[in-house]
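Note sheet for the following structure.
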Amino acid sequence: MLKFVKGSTSTLICTLTEKQTITDANYLFVFTSRATNDQVKFVKVNAFDISTNKERWNEFAIVVNDYFANYHESWWKYEIYEQTSSTNLNPAGLGLLETGLMFLDDNTNMSFTQYSQDVKFTMYDAS
C-alpha cells in the first residue's frame, strides 16, 4: 500500500523491472479513485527512476500536488504499465506490471489533543 501526503513529495517504491519486457521502459501510472472513479494518469520516464538497485525495486519521487491537488482524502487503486512512449496516457495494449492501493492523505488531520488522567487501581479482596 502507498500513502501520498498532499503538500509533500512522496516516495513510490514498487517492483517493475522484474516483470517488464521492454528494455529501459517508461511507466504509465493510472490512479483510479475508489470513491468517485476519477482517474489521474501520468508518465514517468525511465530516467526518473531513482532506485539504487533497479533490478530489485524501482523508486520515484512524486510531487503529490502536481497530480492530486484537487482531490480529497480517499483511497485510490493504482496500475503501472510499461511502454516505450514518454507521453501516451492510454493503457490499452500495454503490459501491466503492478497494481495496488494508495491512500491520499489531505494532511489536514495533523493536530490532535492528548488527554491524560491519573488512573487509580483499587484491589478488592474477594475473601
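Derivation of every value follows stated rules applied to the coordinates shown; laboratory data play no part. It should be emphasised that the depicted structure is a prediction, and the values quoted were computed from it without experimental measurement. Quick reminder, even Gly has a Cβ in these numbers, built from the backbone with ideal geometry, and neighbours come from all protein chains shown.
Computed FRET efficiency, Cβ-Cβ of Trp75 and Val43, R0 25 Å: what is it to the nearest 0.05?
After rounding, the FRET efficiency stands at 0.60.
Return the aspartates and glutamates within reach of Lys44: Cα separation strictly under 15 angstrom, same-chain partners fewer than 8 residues apart disregarded; answer none if there are no such residues.
Asp24, Glu59, Asp66, Glu79, Glu82, Glu98
If you consider only alpha-carbon coordinates, what radius of gyration and Dmax does segment 2-105 have, in Å?
Answer for segment 2-105, Rg first and Dmax second: 13.1, 36 Å.
Could you please rank Glu18, Glu79, placing first whichever residue has the fewest other Cβ atoms within 10 Å of its Cβ?
Glu18, Glu79
In percent, how large is the relative contact order of segment 9-83, given Cα pairs closer than 8 Å and 6 or more residues apart?
Worked out over segment 9-83, it gives 47 percent.
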